[in-house]
Amino acid sequence: MARQLFTARLMEKICLSERTQCFHLTFVVEELRSLEFVPGQFVSTVAQDQGGKMQTRAYSIASAPRGNQFDLCVNRVEGGFFSNLVCDMEVCETVNFHGPHGLFLLRKPLTDGIFIATGTGIAPMLGFTQYLFPEDGEDRSEGREFWMVYGTRWETELYYQNYFESIAARHPNFHYVATLSRASADWQGNRGYVQQYVRHIVEERALLCHASPTDTVGERNGFDIHAYICGLNEMVSANRDQLLALGWDKKQVIFERYD
């Protein structure tokens, strides 16, 4: 059965990094009054390549639900048909898509969470954060603690840094941790890979939980914290293996990976 296709028109295009040619793209689906999706899901764009073959590429939605609009975070890949097509789009041009799809979703009932991402894996985390801490709506975090651990190579690739820092400044239960693997000499922030900071958060939190025996969240829900990981396969596997080695259950670790 053929999937229903919709048409997305580009409304706004912002370059996030000249070095990586990464863009934040805002689309509107004018044939729909509302695009129904859950933060963390993806859409599949569809187009015909130069040889006449239909190509499909999945992109995580980089926003929370917002009427008939959605955002993507896309970086150019050398020789990549779809990444170049999308990155070269001009405002008012259109692309077809189907969806939303996917099960990379915040688990319910809501628990504490660690968001772990590298590169454009930040896209679904942006959707999660916008949903939990809306700019002009009621806080949906339920007082749970959330950490956004984001790793990249250079400072110019810290996508959405100002946004995440502003959320952390306004919400004491949201914590933003950025780390660079190829930082310049004058970089004053964290260095290294996300795994070491995830481990620190888990171990520090475990000590705090042991000091608070009245906390029964774990008893009610089965788990009192989840990790949500998105990025390249190597990073996802490294963090997943580390969490399992620290005693976490497989069901506590939700991930989406790409190559």
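See the values below:
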read-out: Residue selected from region 15-25 under the condition under 12 Å from D88 (Cα atoms) and of a type in the set (A, V, I, L, M, F, W, C), by the criterion surrounded by the fewest Cβ atoms within 10 Å (Cβ to Cβ); value: C15
read-out: Residues located in region 165-198, provided they are among the charged types (D, E, K, R) and at pLDDT 95 or above; value: E165, R170
read-out: Output for region 169-184, where each listed residue is small (G, A, S) and either buried (at least 17 other Cβ atoms within 10 Å of the Cβ) or not assigned by TED's automatic domain parsing to the domain that holds E135 (or both); value: A178, A183
read-out: Verdict on T156 being outside any loop (DSSP other than H, G, I, E, B), crowded, with 17+ Cβ neighbours inside 10 Å and among the hydroxyl-bearing types (S, T, Y); value: no
read-out: Failed item in (1) in a loop (DSSP other than H, G, I, E, B); (2) in contact with a strand residue (DSSP E or B) (Cβ under 7 Å, 6 or more places away or on another chain), with P134 passing the rest; value: (2)
read-out: Single match in E31, E78 (criterion: surrounded by fewer than 21 Cβ atoms within 10 Å (Cβ to Cβ), touching a helix residue (DSSP H, G or I) at 6+ places or on another chain (Cβ under 9 Å) and assigned to a loop (DSSP other than H, G, I, E, B)); value: E78
read-out: Top-ranked residue of region 108-146 - restricted to ones that are surrounded by fewer than 24 Cβ atoms within 10 Å (Cβ to Cβ) and within 21 Å of R199 (Cα to Cα), ranked as nearest to the chain's Cα centre (by Cα); value: G119
read-out: Close pairs from region 138-150: first within 17 Å of G121 (Cα to Cα) and outside the structural domain of Q196 (by TED's automatic domain parsing), partner modelled with pLDDT of 95 or more and among the charged types (D, E, K, R), Cβ under 7 Å, at least 6 apart; value: none
read-out: Residue that is modelled with the lowest pLDDT, among those in region 209-224 that are assigned to a loop (DSSP other than H, G, I, E, B) and touching an Asp or Glu at 6+ places or on another chain (Cβ under 8 Å); value: D215
read-out: Pairs with Cβ under 9 Å, 6+ apart, first in region 9-32 and without any contact (Cβ under 8 Å) to a residue 40 or more places away in the chain, second among the hydroxyl-bearing types (S, T, Y) and surrounded by 13 or more Cβ atoms within 10 Å (Cβ to Cβ); value: I14/T26; E30/T7; E31/T7
read-out: Where a residue in region 230-246 is closer than 18 Å to G192 by Cα and its partner, wherever it lies, is among the hydroxyl-bearing types (S, T, Y), with Cβ under 6 Å and at least six apart; value: G231/T118; M235/T118
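Table: residues versus (1) part of a helix (DSSP H, G or I); (2) within 25 Å of V74 (Cβ to Cβ).
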{"position": "H226", "(1), (2)": "no, no"}
{"position": "I229", "(1), (2)": "no, yes"}
{"position": "E234", "(1), (2)": "yes, yes"}
{"position": "N239", "(1), (2)": "yes, yes"}
{"position": "L243", "(1), (2)": "yes, no"}
{"position": "G247", "(1), (2)": "no, no"}
{"position": "K251", "(1), (2)": "yes, no"}
{"position": "E256", "(1), (2)": "no, yes"}
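Yes/no matrix, rows are residues, columns are (1) in a loop (DSSP other than H, G, I, E, B); (2) modelled with pLDDT under 95; (3) not assigned by TED's automatic domain parsing to the domain that holds E18:
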position	(1), (2), (3)
Y59	no, no, no
S63	yes, no, no
F70	no, no, no
M89	yes, no, no
C92	yes, no, no
N96	no, no, no
L106	yes, no, yes
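The values are calculated or read from the model by the stated rules, or taken from the named source; none is laboratory data. Given the structure is predicted, the values throughout are model-derived calculations rather than measurements. Counting neighbours? That spans all protein chains shown, and the Cβs are built from the backbone with ideal geometry, glycine included.
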